[in-house]
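> My questions will all concern the structure given below.
The values are calculated or read from the model by the stated rules, or taken from the named source; none is laboratory data. All values reported here derive from a predicted model rather than from experimental measurement. Note: ideal-geometry Cβ built from the backbone for every residue, glycine included; neighbour counts use all protein chains shown.
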Amino acid sequence: MILQSNDLVKSFGGVTAINHLSLTVEKGTVFGIIGPNGSGKTTFFNLVTGMYPPTSGTVTFNGRNITGLRPHRIAELGIGRTFQIPAPFTKMTLLENVMVSTFIRASSLKESRKMAWEILELMRLDDKGNTLVANVTLEDRKRLELARALGTHPTLLLLDEVMSGLTPAEVKGAIELIRSLRTEELTIIVVEHIMDVILSLCDRIAVLDYGQKIAEDLPDHIVNNKDVIKAYLGERYSARN
């Protein structure tokens, strides 16, 4: 086990965004989280990464209680993330953007630059490393967002809809890219609305609705779960299996 949330609750005034959520993610796996808009998926990421403090409950990472730690401290411990809407430094190059994230690990400017180039090569962006972010496509910005998360050298990577807005061909390329990241040392949690992405990438899937977990199972079982079909998937996923 690398990550565990125990009875996690997050309320905003009278609205409960996360409602007694308990999840366990095993090391070296790809874990998917799906659910309707407003079901609490991004809020969960924000609780794990310290963007929000929980109302109650705990988050444990590698056996350590990280509940309430500041985001930079959680990043130092090995949790990296992307955001739904990429917000890079548009007046800087792709290389410089990735270098910013590597400074959490690098001991010198030279080391930071080397790490950044290696990540850009992994993301197939090395040919655009010296290009200003303002001059690249949405697909490249999405890959840059992933590159910046990898720059912190995480052992747990949280991907928040990294494929939204991409064409089918671009989605296919992104799936291949994420598959190439799979190692025993890197655990990935994916939040995504594109079900074909979730089903092709994930070892297990949890389904949220109104901040509660309504199901957790293997992908093949999730698409045939009546509660999941009713809350999120629709009958077409049941009919095709």
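> With the stretch 151-238 as the region, which helices (runs of 4 or more DSSP H) entirely inside it contain at least 2 residues that are more than 16 Å from the chain's Cα centre (by Cα) and modelled with pLDDT of 90 or more?
168-181, 219-222
> One residue is enough: does the stretch 22-38 have a residue meeting the conditions assigned to a helix (DSSP H, G or I) and not β-branched (Val, Ile, Thr)?
No: zero hits.
> Looking only at the stretch 56-77, count how many residues are within 11 Å of Thr155 (Cα to Cα) and either part of a strand (DSSP E or B) or without any contact (Cβ under 8 Å) to a residue 24 or more places away in the chain (or both).
Summing the residues that are within 11 Å of Thr155 (Cα to Cα) and either part of a strand (DSSP E or B) or without any contact (Cβ under 8 Å) to a residue 24 or more places away in the chain (or both) in the stretch 56-77 gives 2.
> What is the residue count in the stretch 142-197 for residues that are in contact with a Gly (Cβ under 9 Å, 6 or more places away or on another chain) and at positive phi?
So the count comes out to 1.
> Right, another one. Please go through the stretch 6-30 and give me each residue that is among the basic types (Lys, Arg) and buried (at least 16 other Cβ atoms within 10 Å of the Cβ), ordered by number.
Lys10
> Still on this structure, I have one more. Please state which one of Ala87, Ala134, Ala147 is surrounded by fewer than 20 Cβ atoms within 10 Å (Cβ to Cβ), closer than 27 Å to Met195 by Cβ and not charged (D, E, K, R).
Ala87
> Here is a follow-up. Among the numbered criteria (1) assigned to a helix (DSSP H, G or I); (2) at pLDDT 95 or above, which one does Gly80 miss?
All conditions pass for Gly80, except number (1).
> A further question follows. Quick test of your reading of the structure: Ile79 fulfils all but one of (1) under 26 Å from Ile104 (Cβ atoms); (2) surrounded by 14 or more Cβ atoms within 10 Å (Cβ to Cβ); (3) more than 19 Å from the chain's Cα centre (by Cα). Name the failing condition by number.
Of (1) under 26 Å from Ile104 (Cβ atoms); (2) surrounded by 14 or more Cβ atoms within 10 Å (Cβ to Cβ); (3) more than 19 Å from the chain's Cα centre (by Cα), only one is false for Ile79: (3).
> Another question about this same structure. Of the residues Ala206, Ala149, which single one is farther than 30 Å from Lys226 by Cα and small (Gly, Ala, Ser)?
Ala149
> Ok, one more. Condition first: hydrophobic (A, V, I, L, M, F, W, C) and closer than 20 Å to Met115 by Cβ. Now tell me which residues in the stretch 125-157 satisfy that.
Selection gives Leu125, Val133, Leu144, Leu146, Ala147, Ala149, Leu150, Leu156, Leu157.
> Can you find a residue in the stretch 110-117 that is part of a loop (DSSP other than H, G, I, E, B) and of a type outside the set (Phe, Trp, Tyr)?
Checking the stretch 110-117: not a single residue is part of a loop (DSSP other than H, G, I, E, B) and of a type outside the set (Phe, Trp, Tyr).
> So which of Lys114, Lys41, Lys128 ends up being surrounded by fewer than 18 Cβ atoms within 10 Å (Cβ to Cβ) and either charged (D, E, K, R) or without any contact (Cβ under 8 Å) to a residue 24 or more places away in the chain (or both)?
The conditions single out Lys114.
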